[in-house]
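Below: one structure, written as C-alpha cells.
The values are calculated or read from the model by the stated rules, or taken from the named source; none is laboratory data. The structure presented is a predicted model; accordingly, all values stated were derived computationally and were not measured. Cβ sites come from the backbone with ideal geometry, for glycine too, and all protein chains shown count toward neighbours. With ligands, DNA and RNA removed, areas are computed over all heavy atoms of the protein, side chains included. Shrake-Rupley method; radii C 1.70, N 1.55, O 1.52, S 1.80 Å.
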Amino acid sequence: MGNNHITIAVVEDDPDTLEVLRFNLDLEGYRVQAFSDGEEALEQLLREPPDLLILDLMLPGMGGLDIARALRSESHTRDLPILMLTARSAEEDVVLGFQRGADDYLAKPFRIRELLARVRALLRRAGKLDKKKIRFRDLYIDLEQNTARDERGTIQLRPKEHRLLLALFEAQGKLLRREEILDRAWGYDYYGDPRTVDVHIRRLREKLGPNADLIQTVKGFGYRLHPDVFEEKP
C-alpha cells in the first residue's frame, strides 16, 4: 500500500518553495517530478502525464495559465487534476485560473498541511487513491461506503469518526499529531481545541470494542493505526 504509485508533478520557479514541496510530497510517499521551467515542464507533462499537477501561476516565459490551457486542449491530459499556486489572490486571478482549467487554487504563502489536504482531496475526486478498506482481526471497515462490521454485527460510524479513520488510514501507519488529524479530518480551517481528537478517539474505541487497539496511542505525540492493517493479507 501507500502512495508510491502516484506521481505528482510540481512546476515552480522559486527554488526554496520547490524544495519544500518536493520534500513534503516525498515524505507522504508520492513520486515527485520537479520543474522550474514552464516550457520544459509542458513538454514532459504531455509526454508522460502525472496523476496530479501542482502549478505555479507566475512563471518566467510560459506561465501557469498557458500550461493549463495547453494541457486542457489535449485529450490525454484534459482531465489531469491541477492545483494552481500563486502569490496573487485577487478575485479576478482566481476566476481566470479556474477558467483556464485549474481544479483548485491556493494562494502563497500556504501551510504545507493545507496543501497536502488539497492534494489528497483532488486525488480522491479523480479516483487515484487506493480503495480504502481496513481489515483488522474480525473487523472490516469500508471507508468508501462508511460501513463497519465485526462478529457482533454492524457498527454505526458517525461522519467525524469515519473521517478520523480515513485520515489515519491514509497516513499508512505513520504517526499523526492531533493537529494533523484535525487538518485532515476536521478541515484546515478548524481552529478548535486539539483535545477534541482524544474525545472522538475514545468514543470510536468504545464502538470498536475488542478491536479498540486498532488505533494506537503514542503518548505525548498522537495516534496511528495498528501495523497489522498494512500487512498483506492472503
Exercise for review: Tell me which residues, restricted to the stretch 1-58, are open to solvent by less than 10 Å² (accessible area, probe 1.4 Å) and part of a helix (DSSP H, G or I).
Suggested key: L21, L25, G38, A41, L45
Exercise for review: Check off (1) modelled with pLDDT of 80 or more; (2) open to solvent by 10 Å² or more (accessible area, probe 1.4 Å) for V95 and give me the number that stays unchecked.
Suggested key: (1)
Check your understanding: Taking the stretch 59-71, which residues are surrounded by fewer than 20 Cβ atoms within 10 Å (Cβ to Cβ) and in contact with an Asp or Glu (Cβ under 9 Å, 6 or more places away or on another chain)?
Key -> P60, G61, M62, G63
**Study point:** Inter-residue pairs, beta-carbon under 6 Å, first without any contact (Cβ under 8 Å) to a residue 12 or more places away in the chain and in the stretch 135-163, second open to solvent by 100 Å² or more (accessible area, probe 1.4 Å), 6+ apart
**Key:** Y140/R149; D142/K133
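I'd like the residue in the stretch 198-225 that is over 19 Å from L157 (Cα atoms) and surrounded by fewer than 18 Cβ atoms within 10 Å (Cβ to Cβ) and, out of all such residues, is modelled with the lowest pLDDT.
Narrowing the stretch 198-225 to residues over 19 Å from L157 (Cα atoms): 217-222.
This time we only want the ones that are surrounded by fewer than 18 Cβ atoms within 10 Å (Cβ to Cβ), so: 217-221.
Working: T217: 95, V218: 90, K219: 87, G220: 82, F221: 86.
Checked the stretch 198-225; the qualifying residue modelled with the lowest pLDDT is G220.
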Check your understanding: Only one of (1) at pLDDT 60 or above; (2) farther than 20 Å from L123 by Cα; (3) outside any helix (DSSP H, G or I) is not met by S89, so which one is it?
Key -> (1)
Revision key, fill the gap. Of (1) in a helix (DSSP H, G or I); (2) modelled with pLDDT under 85, I67 satisfies every one except (2)
Review point. Do we find that A167 is open to solvent by less than 30 Å² (accessible area, probe 1.4 Å), under 11 Å from the mean Cα position of the chain (by Cα) and within 14 Å of L225 (Cβ to Cβ) in this structure?
Key: yes
